[in-house]
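**Student:** The structure's right below; bear with me while I get my questions together.
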Amino acid sequence: FVTGSNATLLSREIGTALTGRCVSVTLYPLSFSEFVTYKDGRIPPKNEWLGNGTTLRINRLFKEYMASGGFPEVVLRQFRPLLHEYMKNIVSRDIVSRYHIRYESSLRELVSFLLSNTGMILSLDQIRKMTRIKNAMTIKNYLSHLTNAFVFCSVPMYSHSMKTQIYN
């Protein structure tokens with residue numbers, strides 16, 4: 001078994017290194033329904049969501065879920081500083097050392113910017129203007145590295161124009 005985070009061997013290369021002798025399984029954090037099941041023992045049926053305080057309970061659980069990131073260890077131990085440790089380790093071990101990033105502070109600034117703008121529609125140009133990273137290609141590379149390390153998932157903006165899709 002090969003588990004955990006390893007700067008020298010990300011999931012895409014495991015199949016190449018162990019050709020024909022591996023099965024990759026991607027383990028994501030808890031889903032919201034898994035989180036609710038863990039906290040309450042069950043997910044209330046939709047007909048119970050309105051009334052009896054269930055809506056308030058679901059809203060409170062959702063805020064708690066978003067604060068924990070759904071990471072099982074953080075949920076179990078209720079120790080949020082672990083999230084900062086996860087991020088620090090992923091950025092330094094899986095990205096900076098792996099891709100030989102020279103300007104780690106710029107990458108960390110990008111990560112902070114993205115974390116504070118989760119769910120927002122952002123373009124490379126907007127990110128460039130809001131960070132000290134002046135080269136859009138550098139930003140695009142950093143975003144690719146963050147995606148490969150499972151830090152972020154991006155949803156490409158739809159456009160009929162291929163040029164718009166590439167640069168947004």
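**Student:** Using the alpha-carbon atoms, what tilt in degrees (0 to 90, nearest 10) does helix 136-148 show relative to the longest principal axis of the chain?
**Tutor:** For 136-148 against the chain, the angle is about 50 degrees.
**Student:** Which whole-number percent is the relative contact order of the chain (Cα, under 8 Å, 6+ apart)? Don't skip to the end; give the middle numbers.
**Tutor:** Working: 96 pairs, mean separation 32.1, N = 168.
Worked out over the chain, it gives 19 percent.
**Student:** Separate question: Leaving out ligands, DNA and RNA, what percent of the accessible area of the range 115-155 is carbon and sulfur, probe 1.4 Å?
**Tutor:** 59 percent
**Student:** Students often get this wrong, so check it: of K63/K88; K63/K129; K134/K163; K88/K129; K140/K163; K63/K163, which have C-alpha atoms separated by over 26 Å?
**Tutor:** Listed pairs above 26 Å: K63/K129; K63/K163.
**Student:** Something else now. With only Lys, Arg, Asp and Glu charged, each at its Cβ (+1 for the first two, -1 for the last two), find how big the charge dipole of the chain is about the Cα centre; round to the nearest 20 debye. If you can, show how the numbers build up before the last one.
**Tutor:** Numbers: 21 positive and 11 negative charges, 72 e Å.
About 340 debye.
**Student:** Can I ask one more? Report in % the part of the accessible area of the range 24-97 that belongs to carbon and sulfur, leaving out ligands and nucleic acids; probe 1.4 Å.
**Tutor:** It is 60 percent, rounded to a whole number.
**Student:** Still on this structure: With all protein chains present, calculate the accessible area of M120 using a 1.4 Å probe and round the result to the nearest 10 Å².
**Tutor:** Number for this one is 120 Å².
**Student:** Mind checking the per residue accessible area of the chain for me, 1.4 Å probe, whole number of Å²?
**Tutor:** I get 73 Å² per residue for the chain.
**Student:** Next question, about the same structure. Work out the charge dipole of the chain with +1 on the Cβ of Lys and Arg and -1 on the Cβ of Asp and Glu about the Cα centre, then indicate which of Y86, S159, N47 is farthest towards its positive end.
**Tutor:** My answer, from the dipole projection, is S159.
**Student:** Report the relative contact order of the range 50-132, percent, no decimals, based on alpha-carbon pairs under 8 angstrom and at least 6 residues apart.
**Tutor:** Relative contact order comes out at 16 percent.
**Student:** Treat every Asp and Glu Cβ in the range 80-154 as -1 and every Lys and Arg Cβ as +1, leave all other atoms uncharged, and give the resulting dipole magnitude about the Cα centre to the nearest 20 debye. Let's see the in-between values first.
**Tutor:** Values: 11 positive and 5 negative charges, 35 e Å.
The calculated dipole for the range 80-154 is roughly 160 debye.
The values are calculated or read from the model by the stated rules, or taken from the named source; none is laboratory data. None of these values were measured; they are calculated from a predicted model. Neighbour counts run over all protein chains shown; Cβ positions are idealised from the backbone, glycine included. We work out accessible area using only protein heavy atoms, side chains counted, and drop any ligands, DNA or RNA first. Shrake-Rupley method; radii C 1.70, N 1.55, O 1.52, S 1.80 Å.
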